[in-house]
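Read through the structure below, which is laid out as structure tokens, and then see the notes.
The values are calculated or read from the model by the stated rules, or taken from the named source; none is laboratory data. Quick caveat: nothing in here was measured; it's all calculated off a predicted structure. With ideal geometry, Cβ positions are generated from the backbone for all residues, glycine too; neighbour counts draw on all protein chains shown.
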Amino acid sequence: MHGLLQDLGITFFVATVVGYIVERIKQPAIIAYLIGGVIIGPEIGPQLVTNIENIETISEIGLILLLFILGLEMQPTHLITILRKVYLAGVGQFLLTAVSGLLFFSSIGYALNGSNLEALYLALACSLSSTAIVIKILADKLQLDSYSGKLTVGILLFQDVWAILLLAIQPNLATPGAIPIAIALGKSLLLVVLAFLFSRYVLRRLFEPVARSPEIIIMLSIGWCVGVSGAAKLMGLSMEMGALIAGVAISTFPYSFHVTAKILPLRDVFLTLFFISLGMKIPWPDTRYIAPVALIIGFTFVSRFLIVIPLSLAGKTNLRNSFLTSLNLAQVSEFALVITALGVSYNQIRQETMGAVLFAMSFTSITSAYLIQYNHEIYILLERLFRRLGLVRRTSRIEHAEIHMKAGKPITILGYHRGAQALIEFVSLRRPELLSDILVIDFNLETVRELEARNIAHHYGDISHVDTLLHAGIENTRIIISSIPDLLLKGTSNQKIVRLCRQLNSTAFIVANADLNSQINELKNAGANEVILPYFEAAAHLTEVLLALAETKDINTAAKTGS
């Protein structure tokens with residue numbers, strides 16, 4: 001136990017120091033965790049932590065909580081809709097990548113005969129993307145609910161199913177049969193059915209008596225997650241898949257928002273350890289790895305674009321979202337380490353092959369942090385080339401698939417601060433029918449619940465991010481109101497928000513919030529039609545009251561009479 005506490009102390013200290021530096025230079029957080037893992041790990045660093053199993057055991061909890069929360073945010077009907085939209089890409093992406101990878105790696109000299117299956121293992125490793133990395137970065141960017149985010153998650157869910165099938169047939173990979181595949185599918189279906197039946201007829205009755213006790217709700221939810229994950233493991237399935245099923249099974253409960261809000265900080269702590277454990281595994285660079293690592297990385301990147309984009313386009317997804325989805329998936333999965341490690345134990349591949357996959361996974365993890373972080377900007381840079389090739393029209397930045405998902409509302413309120421709350425109250429008193437024309441965008445879960453209770457259209461997301469605004473249909477709205485003052489905004493300002501909204505909607509009437517008189521011209525130059533100064537307007541109203549009192553009677557007399 002003392003060894004575990006010491007390892008955790010060193011891990012969190014190094015992660016904090018590196019994380020602080022990375023945050024100051026505005027780089028993705030995952031970079032800090034991977035670097036921290038390299039520093040403390042037994043391979044490259046000064047071997048501050050030698051027992052990787054201690055960290056890995058705890059990091060698994062983070063991955064399970066990640067999938068559980070993802071399930072909580074997906075209602076069954078929502079999940080079915082996603083899977084239907086990406087069915088073609090979800091099935092075809094893995095199969096086409098695996099087949100083309102098999103042909104590619106075998107053609108350049110990697111073995112594919114008898115018990116030596118290096119070409120096959122490399123093809124399979126390149127076919128799977130990292131659920132943990134992709135979902136973590138998309139969640140940090142609040143892009144999970146965007147159209148491209150949903151497409152990405154859908155394909156990742158299909159990849160998880162393929163991964164389960166791989167584990168089932170891997171011992172007999174040289175001579176695969178239909179029976180192991182049928183058994184794996186049967187187990188998966190059985191787990192889903194049992195989880196949903198238990199959730200509907202037993203779990204709901206357990207939740208209702210303790211609805212007013214948030215702590216017990218949290219404990220029940222985590223216990224449910226652990227129970228389903230454990231059942232999945234006993235059935236020979238992945239614990240991560242069990243956690244996802246557990247989350248989806250209770251996503252319709254009214255407590256799901258509360259559970260998500262409470263578990264998020266806990267998940268982030270454990271998930272930090274997951275990425276650190278990946279960094280700890282990175283071996284010392286060796287020249288013999290250069291060629292195979294370059295081939296794995298190159299094939300992964302090229303195959304994502306050549307396979308995911310056409311399949312997404314065939315599934316009625318436009319080029320922008322198809323491109324963003326392929327960019328989001330352009331990395332080697334941590335699950336590739338699992339299958340290659342098992343391949344080594346089965347004597348189907350060499351240890352060097354697993355090392356090459358590990359280097360490729362580490363490199364693509366780092367590059368993905370940047371590719372996903374700046375995916376929209378990358379698409380804008382490449383859009384001109386796409387237009388020359390006749391793949392998109394000039395107005396493609398506006399004509400996104402989000403328009404078909406959510407056409408937006410005539411009035412869009414950015415943020416649900418006190419000013420917006422008061423506005424909703426006044427509108428409900430004077431023109432209640434106007435409430436149906438209002439959409440509120442905010443990323444506070446309690447706000448979402450309040451708006452939902454009042455039947456006011458809402459969208460969960462970051463008001464400063466372009467994908468959030470596009471997904472909410474900002475380009476179709478007529479009035480945009482930025483309700484949060486700069487003093488309360490983090491990482492952005494009303495000026496930046498106004499400029500972004502004006503780029504996405506050239507005709508809307510934009511109302512902005514200012515703290516100082518000097519900001520009025522800046523906001524109007526950025527595109528605002530009207531600027532309000534809440535503090536000054538409150539002071540102006542109070543001044544009128546005081547002047548009226550001073551003109552009509554003595555102020556001291558007015559105070560005494562209470563008039």
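A few comments on the model shown:
- Residue list for region 485-507, restricted to those being among the hydrophobic types (A, V, I, L, M, F, W, C) and either buried (at least 21 other Cβ atoms within 10 Å of the Cβ) or under 21 Å from the mean Cα position of the chain (by Cα) (or both): 497, 498, 501
- Hey, residue 423 within 22 Å of residue 501 (Cα to Cα) and in the same structural domain as residue 487 (by TED's automatic domain parsing) or not: yes
- Scoring residue 531 on the criteria (1) of a type outside the set (D, E, K, R); (2) part of a loop (DSSP other than H, G, I, E, B); (3) modelled with pLDDT of 85 or more leaves a single failure, condition (2).
- One residue stands out in region 397-427 among those that are at pLDDT 75 or above and in contact with an Asp or Glu (Cβ under 6 Å, 6 or more places away or on another chain): the one that is nearest to residue 86 (Cα to Cα), namely 409.
- Lone unmet requirement of (1) aromatic (Phe, Trp, Tyr); (2) surrounded by 15 or more Cβ atoms within 10 Å (Cβ to Cβ); (3) at pLDDT below 85 for residue 284: (2)
- Leading residue by the ranking (farthest from residue 373 (Cα to Cα)) among those in region 340-356 that are among the aliphatic types (A, V, I, L, M) and crowded, with 23+ Cβ neighbours inside 10 Å: 349
- Residues of region 194-213 that are in a helix (DSSP H, G or I), modelled with pLDDT under 75 and surrounded by fewer than 14 Cβ atoms within 10 Å (Cβ to Cβ): 208 alone.
- Top-ranked residue in region 315-341 [being among the polar types (S, T, N, Q) and in a helix (DSSP H, G or I); ranked as nearest to residue 111 (Cα to Cα)]: 340
- Residue within region 342-349 that is hydrophobic (A, V, I, L, M, F, W, C), more than 27 Å from residue 63 (Cα to Cα) and in a loop (DSSP other than H, G, I, E, B) present: yes
- Residues in region 125-139 include none that are modelled with pLDDT under 85, buried (at least 24 other Cβ atoms within 10 Å of the Cβ) and touching a His at 6+ places or on another chain (Cβ under 7 Å).
- Residue within region 293-313 that is farther than 22 Å from residue 154 by Cα, surrounded by fewer than 17 Cβ atoms within 10 Å (Cβ to Cβ) and at pLDDT below 90 present: no
- Filter pass, residue 516 being surrounded by fewer than 21 Cβ atoms within 10 Å (Cβ to Cβ) and under 29 Å from the mean Cα position of the chain (by Cα): no
- Qualifying residue in region 380-396 (condition: in a helix (DSSP H, G or I), modelled with pLDDT of 80 or more and touching a helix residue (DSSP H, G or I) at 6+ places or on another chain (Cβ under 8 Å)): yes
- Among the conditions (1) assigned to a helix (DSSP H, G or I); (2) modelled with pLDDT under 75; (3) not basic (Lys, Arg), the only one that residue 253 does not satisfy is (1).
- Verdict on residue 169 being more than 25 Å from the chain's Cα centre (by Cα), at pLDDT below 75 and outside any loop (DSSP other than H, G, I, E, B): yes
- Residue 66 modelled with pLDDT under 75, in a helix (DSSP H, G or I) and not assigned by TED's automatic domain parsing to the domain that holds residue 459: yes
- The combined condition, being of a type in the set (S, T, N, Q) and touching a Cys at 6+ places or on another chain (Cβ under 9 Å), is fulfilled by residue 482.
- Checking 525, 513 one by one, the residue that is in contact with a helix residue (DSSP H, G or I) (Cβ under 6 Å, 6 or more places away or on another chain) and modelled with pLDDT of 85 or more is 513 and no other.
- Residue check for residue 164: at pLDDT 75 or above and surrounded by 13 or more Cβ atoms within 10 Å (Cβ to Cβ): no
- Qualifying residue in region 460-476 (condition: touching a Cys at 6+ places or on another chain (Cβ under 6 Å), among the β-branched types (Val, Ile, Thr) and either within 30 Å of residue 380 (Cα to Cα) or part of a helix (DSSP H, G or I) (or both)): no
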